[in-house]
Amino acid sequence: EKAGFDHFMLKEIYEQPKAYRDTMMGRISADGRSVELKEIGMTPEQIRSIRNIQIVACGTAYHAGMVGKTIIESLARIPVEIDVASEYRYRSPIITPETLVIVVSQSGETADTLAALREAKRCGARVLAITNVVGSSVSREANDVIITQAGPEIAVASTKAYTSQLIAFMLYGLFLADTLATREKDWIADVLASMQKLPDQVEMILERAQVLKQVAESLAKHNNLFFIGRGVDFAVAQEGSLKLKEISYIHSEAYPAGELKHGTLALIEEGIPVVALITQEDLYEKTLSNIKEVKARGAHVLGLVNEGSEVEVDELFAIPCTLPLLSPALSVVPLQLLAYYASLARGNDVDKPRNLAKSVTVE
Ligand code: F6R
């Protein structure tokens, strides 16, 4: 059932190209110029009446939502808030009938996410669910559902479900942009063409997994490390950090690169590993100067960069070039592999990390 892989997690990492293709399949028009989401029951008029969006999710799904917020705000120019589900209800969020609440959940059974969905509906909001499980509680109770076609995810650490959620957010963002005419048709067609290249680009990263195995083996000797990035790179840094924590049990923190000097920089000392993501062109110079800050204090920096970009760091891993909003769908893959190989190097039970369950059905 592991199809020749040592662990479900590794199998699921390698299934991502297929998960991307399956999540896009049937949702892009034959001419490649628009997104077709037949499962969305909202009329164009209802979509035009959306005043604000709230994304609610837990853990890895929340991290996908962070990227989703950037995607939707950038493509549709609708303000988006995001909350972890266990906080959402208790802060008296302002929910009106013109609010669209998007819940994201691989399993569709997470107790806090389900409770948030019910609260949102009770307040009159329309709820869109992005979930991987047909027939799950979340999928049954939401008004609209986009199923991520990642296939069953067995490993506790989520990988292909996360990346499929990113694809779902892109499709939905483009769908909104088309309906609201916030983006030109030609621009949408270009983005869709870039999205269709992602599966092959993930394959190119997977072919270089051995490099990451070596990096992970030296990371596994440390007890503390940092992930830094700006914009969506920060969202991916958070996911990379969570993945590493949950299966390797190595403590790490993800920081917006520019925020380090407001306190955390004090923790940077000789030899501490820092994974720096630097894929966003418009933020390149700014992140570069943050990398220099940590290097000057002795950090050992692994830079995750776009192919062709030269950054002075201790180790460099290049990801294939894509559009800035699509880069999370590539840059997270090396981070998943780092976590996997670090867990392996520490002799942990990769698929069943201590203290954790695949589906969290208590609040
Ligand atoms: C981490 C992980 C968890 C889940 C979270 C939400 O790898 O898997 O953080 O993402 O428990 O689960 P779902 O998406 O099923 O609601």
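The values are calculated or read from the model by the stated rules, or taken from the named source; none is laboratory data. Just so you know, these numbers come straight off a predicted model, no measurement behind them. Neighbour counts run over all protein chains shown; Cβ positions are idealised from the backbone, glycine included. Accessible surface areas use protein heavy atoms only, side chains included; no ligands, DNA or RNA. Shrake-Rupley method; radii C 1.70, N 1.55, O 1.52, S 1.80 Å.
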Sole exception among (1) more than 16 Å from the ligand (Cβ to nearest atom); (2) touching a Gly at 6+ places or on another chain (Cβ under 8 Å) for Arg33, by number: (2)
Tabulated pairs, region 106-119, first more than 8 Å from the ligand (Cβ to nearest atom), second open to solvent by 10 Å² or more (accessible area, probe 1.4 Å) and hydroxyl-bearing (Ser, Thr, Tyr), C-beta under 6 angstrom, 6+ apart or interchain: Ala111/Thr361; Asp112/Ser86; Leu114/Ser137
Single unsatisfied condition, Glu312 versus (1) modelled with pLDDT under 95; (2) on the phi > 0 side of the Ramachandran plot: (2)
Could you list all residues from region 91-106 that are crowded, with 18+ Cβ neighbours inside 10 Å and either part of a helix (DSSP H, G or I) or aliphatic (A, V, I, L, M) (or both)? Ile95, Leu100, Val101, Ile102, Val103, Val104
Residues Phe234, Phe227: which one is buried (at least 21 other Cβ atoms within 10 Å of the Cβ) and within 19 Å of Gln165 (Cβ to Cβ)? Phe234
How many residues does region 52-84 hold that are assigned to a strand (DSSP E or B) and either among the small types (Gly, Ala, Ser) or in contact (Cβ under 8 Å) with a residue 60 or more places away in the chain (or both)? 3
Just for helices (runs of 4 or more DSSP H) wholly inside region 1-51: which have at least 2 residues that are open to solvent by less than 20 Å² (accessible area, probe 1.4 Å) and either in contact with a Lys or Arg (Cβ under 8 Å, 6 or more places away or on another chain) or within 19 Å of Thr179 (Cβ to Cβ) (or both)? 8-14, 16-24
Being away from the ligand (no atom under 14 Å from the Cβ) and either aliphatic (A, V, I, L, M) or under 23 Å from Gly124 (Cβ atoms) (or both) is the requirement here; does Glu15 meet it? no
Region 257-363: strands (runs of 3 or more DSSP E) wholly inside it with 2 or more residues that are more than 16 Å from the ligand (Cβ to nearest atom), surrounded by fewer than 23 Cβ atoms within 10 Å (Cβ to Cβ) and not β-branched (Val, Ile, Thr) are 300-306, 315-319
How many residues, within region 71-81, are of a type outside the set (Gly, Ala, Ser) and either surrounded by 21 or more Cβ atoms within 10 Å (Cβ to Cβ) or at pLDDT below 95 (or both)? 3
Do you know which residues across region 237-249 are aliphatic (A, V, I, L, M) and surrounded by fewer than 24 Cβ atoms within 10 Å (Cβ to Cβ)? Leu242
Do we have any residue at all in region 82-97 that's touching a strand residue (DSSP E or B) at 6+ places or on another chain (Cβ under 6 Å) and within 12 Å of the ligand (Cβ to nearest atom)? yes
Can you pull out every residue in region 107-122 that is open to solvent by less than 30 Å² (accessible area, probe 1.4 Å) and in a loop (DSSP other than H, G, I, E, B)? Ser107, Gly108, Thr110
Filter region 176-199 for residues that are hydrophobic (A, V, I, L, M, F, W, C) and under 19 Å from the mean Cα position of the chain (by Cα); the one that is farthest from Ser29 (Cα to Cα) is Leu198
Sort out which residues of region 123-145 are open to solvent by less than 10 Å² (accessible area, probe 1.4 Å), outside any loop (DSSP other than H, G, I, E, B) and within 14 Å of the ligand (Cβ to nearest atom), and write them in order of number. Ala129, Ile130, Thr131, Val138
From Gly308, Gly303, Gly298, grab the single residue that is out of contact with any His (no Cβ under 9 Å at 6 or more places or on another chain) and free of Cβ contacts under 8 Å to residues at least 24 places away in the same chain. Gly308
